Amino acid sequence: MDKESSEKLLEARRQAEAQRQADEAAADEEAQRQADEAAADEEAQRQVDEAAAAEEAQRQVDEAAAAEEAQRQAEERARQQQQDTFVYPNCTAVKEAGAAPIRRGEYGWQDDLDADGDGVACAGD
């Protein structure tokens with residue numbers, strides 16, 4: 001093989017090697033880009049999942065608070081109904097029950113037990 005052919009062959013090999021390296025670099029860059037995109041997609045999905053979990057947790061907290069409020073209201077209605085329906089026949093019964101004096105709004109309160117109208121029933125001896 002003559003010198004010129006040898007140089008052309010060497011140059012062709014150098015160009016082929018340079019092209020191979022360029023192709024590998026491009027493939028590496030593409031793989032890195034895809035990996036970055038996948039990581040970004042995973043991060044976005046993680047954020048979406050976290051937001052959904054936070055919304056669900058808040059919904060559960062709100063539901064629990066609403067249930068507690070409903071329970072409190074039901075207990076208050078039951079207490080009020082019991083208070084409204086219970087009647088001491090007189091102050092003697094109040095005192096015997098150990099409930100004297102009874103203030104307005106308390107269990108067993110009745111206007112007719114408050115002789116002087118001061119809001120305290122069965123207070124005197």
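The values are calculated or read from the model by the stated rules, or taken from the named source; none is laboratory data. Just so it is clear, the model here is predicted, and its values are computed rather than measured. Cβ sites come from the backbone with ideal geometry, for glycine too, and all protein chains shown count toward neighbours.
Summary table
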| item | result |
| --- | --- |
| Gly98 being within 30 Å of Ala121 (Cβ to Cβ), under 38 Å from the mean Cα position of the chain (by Cα) and surrounded by fewer than 10 Cβ atoms within 10 Å (Cβ to Cβ) | no |
| So Gln110, is it modelled with pLDDT of 90 or more, among the polar types (S, T, N, Q) and surrounded by 10 or more Cβ atoms within 10 Å (Cβ to Cβ) | no |
| Qualifying residue in segment 103-113 (condition: small (Gly, Ala, Ser) and within 25 Å of the chain's Cα centre (by Cα)) | no |
| Filter result (touching a residue at least 12 places away in the same chain (Cβ under 8 Å) and over 24 Å from Glu76 (Cα atoms)) within segment 88-112 | Asn90, Cys91, Lys95 |
| Residue match in segment 2-16 (condition: closer than 30 Å to Asp112 by Cα, without any contact (Cβ under 8 Å) to a residue 12 or more places away in the chain and among the acidic types (Asp, Glu)) | no |
| Per-region count, segment 49-97, residues under 20 Å from Gly119 (Cβ atoms) and not in a helix (DSSP H, G or I) | 5 |
| Candidate set: segment 85-95, residues that are within 13 Å of Gly124 (Cβ to Cβ) and surrounded by 14 or more Cβ atoms within 10 Å (Cβ to Cβ); chosen: the one farthest from the chain's Cα centre (by Cα) | Cys91 |
| Conditions (1) modelled with pLDDT under 90; (2) assigned to a helix (DSSP H, G or I); (3) hydrophobic (A, V, I, L, M, F, W, C); (4) under 47 Å from the mean Cα position of the chain (by Cα): number failed by Ala12 | (4) |
